[in-house]
Every structure is written in C-alpha cells, then in structure tokens.
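Input: a single structure, listed below in structure tokens.
The values are calculated or read from the model by the stated rules, or taken from the named source; none is laboratory data. Since the model is a prediction, treat every value here as computed from it, not as a measurement. Note that each Cβ is placed from the backbone with ideal geometry, even for glycine, and that neighbours are counted across all protein chains shown. With ligands, DNA and RNA removed, areas are computed over all heavy atoms of the protein, side chains included. Shrake-Rupley method; radii C 1.70, N 1.55, O 1.52, S 1.80 Å.
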Amino acid sequence: MPPFPPRRPGYAHRVADDLIVLDGSSFFVSDAAGDVDIADATDSGVKGLFHSDVRHLAGWSLLINGQPMRVLTSRPSDYYSARVFGALAAGAHNPAIAIQRERIVADGVHEDIWVENNSGEPAAVTVELRFGADFADLLAVKNGRSMGGRTRVEVNGENQVTLAYENQGYRRATTIMFEVPGALAEDLMRWELSLGPREKWQTCIDIAVVIEDREVGMRAGHGGMGSVHPNMEMTLGEWIDNAPVLHTELDSLQQAYRQSLLNLAALRFRPHRKGLSLPAAGLPWFMALFGRDSLITAYQALPFHASLAESALRALATLQATERDDFRDADPGKILHELRSGEMSKLGHAPYTPYYGSHDATPLFLILLDEYERWTADTALVRDLEQVARNALAWIEGPGDPDGDGYLEYQTRSSQGLRNQCWKDSWNSVLFADGRLADPPIATCEIQGYAYDARVRTARLAREFWGDAELADRLERDAAGLRERFNRDFWIESRGHYAFALDGAKHQVDALTSNTGHLLWSGILDQDRAGQVVARLMGEDMWSGWGIRTMSTQDGGYNPIEYHNGTVWPHDNSLIAEGMRRYGFREQAGTVVLALLDAAGYFEFLLPEVFAGHPRSETKTPVEYPTACRPQAWAAGAPLLGLRTLLGIDVGDDGLTVRPNVPRKVGRIRLSDVPVRGRQRRVS
C-alpha cells in the first residue's frame, strides 16, 4: 500500500466560481479572474480582502484595454496562493496578448502581473487596476449593517496609495504599493504600455493592512510564488511531513485525510500574536478564535497534530474570564465563546471582546487538557494550567449551575447574547417534539455529559499531577452522583430515548436529537441504555444515509435544511461515532464514518460545516446547505477522528491500545509515525 499523503501537497478550494486564497485571519475572495467589483462585493457580502474581521479591499479589478480579461485557467496553487491565466476579452481565437496574475496571502497580499505580446508586431496595451475599500466589519456585512465612519484616500507619489478609515478612535487602513510607477489616482492605477514583438512586461504590488498603528504586510519581489509562506511555525510542507502517514487503498479515505490536513493548515492563525497557532472556526464568517470549535477540533486532531491542542489550551487560558460581565455573559473561570477585533466589537456595539456565551467550552477545556496529556506526556502544561483548570472547575460547580441543582444550565444576561449556548446555538434549536420553543434557563443533555467527563478527567489530573487526592476523590464521587441523577432525570421511558434538555421549569424537552449521541462520547450513559440510544440514532428517522441528522424527521421542528433541526453535521457525527466505539458498537461506528467519507467525495473532500438531511435513497447525493462554511475547522477534523474510531486507538494508563474494526469496504489501513508520548508509533 503506498504511503499517503504525498510529499508535495496541493490544494483546491473553489466555491461556485469564486477564487479563494486564505491565510488564517486573512482571506481574499474574488471571481475566477482574480477581480472584485466593488458593487458586487457590497451586494454579495463576502467578496474582497478581509483581515481580522474587517474588509480591507472591497474593489480590486484588473482591466486590459478597458475590459476584464478572458479567463483561460484559474486555480489555487495551495491554500495561500493562486494563479490566473487569461487573454484579451475580445479578439481572435488565438489572441496575441496574454495575461498572468499570481496572488499570495501571507501577512498581507502580494500580487504579480505579467502582460505579454506573443505576436511579431508591436502592440499598445492599457493596463488599469481599480481599487476601493469600505472597511466593513464582517459582522456588519453578515447582518446588513453600516457603522458610518469616515474614509479618506492619500496618494503618495506615483506608486503608493493609502485608504484609511476612522470612527470614534477606531482606525484601520490599507496601503497599496506599486513597484512600477504609473498614473495613480485615488481609485485606480493606469499603465500605458508599448510592447515590442515577443516582449513581456511585469510588475508587482504589495498590499499591507494597518490595524491602529501596526502594519501587517510583506515584500516578496517578482515571482514571489514559492518563496513566501504564511508566518507559521511550520510551512505547509512541514505541516504535512510532520503528520502521520496514512497507508490505504481506499481513495476516498486518502483524499479525505489529505484534505483535512490541508484545511487545518489553511485555517491556522495567531490570536494576539502570542506565538500560538490554532485554527479559526471557518470561512467566511468565523475566521476568528472560538472556544468550543477550537477545543473540539484540537481533540479530533490530537493523534495527528497535538500542537493545535497546546495552542488552543494556552490561548484560551489567557482569556479565561476573571469577573462577571452581563453584556459579555462572563463569569469567573468561564472559557470564551468568541473573540472578534472588528469595529462593532471595539466600539462596544457587540460583546465579542471576547464574548463568553458558550456553556460547554469550559468543561471541554478540561476534557482536552486531560486528553492532551495522555497523548503527549506534557506534564509541564498540566502544571502550568492548574489554576486555570481549578477556576474552570469552580465555574462548573458555581455560576455554571445557577440554581444549584447539579446541572449546567444557561440563560443569556446580555442584550445581544445568544439565546442558546450549546453547540446548537441558533435561536430556535432547542425544541419540544411538537415544535414548541423551550424556555430558559436550559440544561441540554450533552453539556451534562461533558461536565461528567470533565470531572472524571480532572480527578486524574488532580491525583497524578497536582498532588490533591482529596479533590480527586470528591470529583469522582460528584461524577458518579451526576451520572446517577442524569440517567434518572433525562430518560423518557415513553419515547425510549434521553431528553434533549430540561427547560426552565425542569420539563423534559422531548425532541429526539443528535445531542444524545454525545452522551456516548462522554461516557455518562448507563451501559444497558447505550444500545437503545444507538438503535434510535441509526433508525430511519435519524439516519439520512449520509450521517445522523440533528433532529428526528418525526418531530415537529424537523426541516432538512434548518441549520440545527434536521441537517447533518460532520463534526457531530464524528463525536457520535467515537462514542459508539466507546460503548462497543463498533460496527455502527464504522457505518457512520464511511457515510461521512462517501459524502466528502461529493464535496471534493472539502467537507462543509453542515449539509442537508434529505434521505440518501431519494437524493442520491448529499445536498448542500446554502451558507455552510468551507473550509470549517471541526468538519476538517471529522475524518481524522473517524480514522481513530476505525483503528480503535486509545492512550491510557497501559499505554497505546489499538482495537481496529475496519469495514471490509475499507480494507487494510495503517498509520505510521504516530506521535504517542514522545515516541513514534505505527498503528494498523
């Protein structure tokens, strides 16, 4: 079996006819020619150059003799660079004038332009680049709002222009530097060329963004492609080379594995430039630090790139809440939900500085800390984060359970807070079986499972690394008590499944949802009921053929294209499959993983965050969700966790254990160079 992935990775990322180049907190979305029409950008929302939640270019159009070029070939070279080849928009079938563009996004943007006369006669060519910026906050773009600050333009000589924005002390700017001088105005640069026979003209452009007074940019020089890389501790090639090598003859598994690694590399960014790189949640709306997303993605990727977990833990620890703040739904010890740096947040119109409206990120932090140590033996980090972990535990036992009934329940205190603060955080996601909205405070089932697992895992850390046996014993007793109460209070005998949640009146929210599958992953379920849960999740009303739906087709709120009420989420399914394996239902786990791999093939192995829940028997192909993020971090992590599920990999007190249960269709698979507690291991 040949090793996988290859040593020279490529990348293909195209949504519809858009050309997308990204580098963590920066991304550039254009049409196939590399152009952004300023009217199109403001209408469609996500066209242009965005950096740290702000659009720094809303117009960027190359005109040759007054017209956009005719595109011959347009494709990304890797996630942070792209090439476009074209010709004059009108003329002969064998046009004499050829145009080439190369674009790199890495701490700013570098673009090379070539215009070549391939004829034996002289040619006069006008090259014009039109540009503009609106400095729209990404949140305002998404919600159709305008902040109303002041934009000004400064033309500096013949080869530099600065577009600047200011509003109540908030400042952003874009500086464009042209290597070859020309006729420069506030919104365009023009070059009048006289090309001799077979003559080629070229120029390069550097685009820097300025946040307050700090410039982020690069100078690559001509032909920067291949010589410039994102400012990460590992280049793309090193990122791939440092991942375990997959040996398999199943093409869909090979492709999904490779694309997952590439997507996670593409989404890496450095929050606050603290030397830590972790994945942003997803393109285009969530290119920022998210607590829940980062923690789950890092968990999925642990056997493949443990550095993501270390970065997530350290970054989130530095931003742990230290005081109560109702506008930001913050309480001491709580782990953040979302951090934004755009105008709305900076000026106090939005609470994302950061916002803490996530009730599951805090127990997930403790779960990841324990799992990270199991894989890496990095006891230093466990000791460094002891107080952070104790603060998180205090939140679970205190503000996270405001009525003291032993369950974590949420209710926003913010005028702009999230109504729902579980992973299904849309306003209408928590419904009764008849379609009624559940009233807060709400205790969803999976968060109780996370709280149980967090106690069990933190008990191990306290006993083995913090020298606190008394705390460990108490946490184990509390976990056992929670498990007993949960299996009593959440079980719905008449429906044969666990409640989705308890509402504010402690009524069981009786819809059947995929959240119950997370109970398998956390280990809170009684063994004798686990089989019933698995059977219900694999029933026709929950199983679409491409994965487990978020809601049963028999419940009143079901809609196959409702964000959280009938769709299929890859990350959701990956956690459920791993939970099935945990309880011994390995055949069903393999079925779920294979379905995700099948679906990935229809998305060019670039799994979206979510797709529709229509039955496979009817559609024959997975149906796209209209606004799904691609790439998206925990969707990219789903095939990685799926591999762990198929191979049955665990790390515990007895070291590495492997109990593979690979479906016949997959054949033999092997992972080599798997890092386990400082050693390279082979898993098959």
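In the chain, the DSSP-assigned H stretches of four residues or longer account for a calculated mean residue ellipticity at 222 nm of -9000 deg cm²/dmol, using -39500 (n - 2.57) per stretch and the full residue count as denominator.
Just check region 330-395 against the gyration tensor rule for me: Cα atoms, a ≥ b ≥ c as the square roots of the eigenvalues, rounded for a/c under 1.5, and otherwise prolate or oblate depending on whether a/b exceeds b/c.
Because a/c hits 1.5 or more and a/b exceeds b/c, region 330-395 counts as prolate.
All distinct Cα pairs of region 463-542 go into the 1/r average, and the inverse of that average, the Kirkwood radius, is 14.1 Å. Extension gain for E166-R664 works out to 173.1 nm (0.36 nm per residue, less the C-alpha to C-alpha distance). For the residue pairs K47/K346; K142/K424; K142/K620; K424/K620; K47/K200, the alpha carbons lie more than 21 Å apart in K47/K346; K142/K620; K424/K620; K47/K200. Across the chain, the relative contact order, built from alpha-carbon pairs under 8 Å that are at least six residues apart, equals 11 percent. Computed on the Cα atoms alone, the convex hull of region 465-505 gives a volume of 110 cubic angstrom per residue. Simple point charges give the picture: +1 on the Cβ of Lys and Arg, -1 on the Cβ of Asp and Glu, and for region 238-347 a dipole about the Cα centre of about 320 debye. Annotation: Cα Rg of the chain relative to the compact-globule expectation 2.2 N^0.38 Å equals 1.00. Basic side chains Lys and Arg get +1 at the Cβ, acidic Asp and Glu get -1 at the Cβ, and with that the dipole of the chain about its Cα centre reaches some 1360 debye. Potential lengthening of the chain between D439 and I492 amounts to 17.2 nm, from the contour at 0.36 nm per residue minus the alpha-carbon distance.
When peptides 203-212, 190-199 are sorted by average Cβ neighbour count within 10 Å, with the highest value leading, the order is 203-212, 190-199. Only protein heavy atoms count here; under a 1.4 Å probe, V430 has an accessible surface of about 0 Å².
Global size of region 53-106: 13.3, 44 Å for Rg and Dmax (C-alpha atoms, Rg to one decimal, Dmax whole).
Hey, any idea what % of the chain's accessible area is carbon plus sulfur with a 1.4 Å probe? Accessible surface attributable to carbon and sulfur in the chain totals 45 percent.
Put simply, the Cα atoms of region 112-213 extend 57, 29, 17 Å along their principal axes, the longest span coming first. Here the dipole of region 564-684 is about 600 debye; that uses its Cα centre as origin and unit charges on the Cβ of Lys and Arg (positive) and Asp and Glu (negative). Here is what passes the span test in the chain: the DSSP H helices with alpha carbon length of 20 Å or more along the helix axis and a Kyte-Doolittle mean of -0.5 or above are 251-267, 361-376, 586-602, 633-647. Distance from the alpha carbon centroid of region 51-126 to that of region 359-429 works out to 48 angstrom. A Förster radius of 60 Å, combined with the Cβ-Cβ distance separating D241 from A505, puts the computed FRET efficiency at roughly 0.60. Size of region 251-328: Rg and Dmax of its alpha carbons, in Å, are 14.0, 51.
Judged by the gyration tensor of its Cα atoms, with axes a ≥ b ≥ c, region 453-596 is prolate; a/c meets the 1.5 cut and a/b is the larger of a/b and b/c. For region 51-66, the Karplus equation 6.51 cos²θ - 1.76 cosθ + 1.60, evaluated at θ = phi - 60°, returns couplings of 9, 6, 6, 10, 7, 8, 9, 10, x, 6, 10, 9, 10, 10, 6, x Hz by residue, with Gly and Pro reported as x.
Rounded to whole Å and ordered largest first, report the semi-axes of the equivalent ellipsoid of region 42-199 derived from its Cα gyration tensor (root of 5λ). Rounded to whole Å, the semi-axes are 32, 18, 13. Using a ≥ b ≥ c from the Cα gyration tensor of region 335-441 (square roots of the eigenvalues), is it rounded, prolate or oblate, where a/c under 1.5 gives rounded and otherwise the larger of a/b and b/c decides, a/b for prolate? It is oblate, given that a/c is not under 1.5 and a/b is not larger than b/c. A DSSP coil position with no more than 16 other Cβ atoms inside 10 Å describes the following trypsin sites (Lys or Arg not before Pro) in region 332-424: R413. The eigenvalues of the Cα gyration tensor, multiplied by 5 and square-rooted, give region 378-496 an equivalent ellipsoid with semi-axes of 30, 18, 11 Å from largest to smallest.
Two numbers describe the Cα atoms of region 270-423: Rg and Dmax, which are 14.9, 43 Å.
Spacing of the modelled spin labels on S119 and E618, each 7 Å from Cα toward Cβ, amounts to 5.8 nm. Summary of packing: across the peptides 74-85, 128-139, the per-residue average of other C-beta atoms within 10 Å ranks them, highest first, as 128-139, 74-85. With N the number of residues in region 285-335, Rg(Cα) / (2.2 N^0.38 Å) evaluates to 1.28. Between the residues G333, Q202, L437, the greatest Cα displacement towards the positive end of the dipole of the chain, with unit charges on the Cβ of Lys, Arg, Asp and Glu, is found for Q202. Packing here is the average count of other Cβ atoms within 10 Å per residue, and on that basis the peptides 544-552, 616-624, highest first, run 544-552, 616-624.
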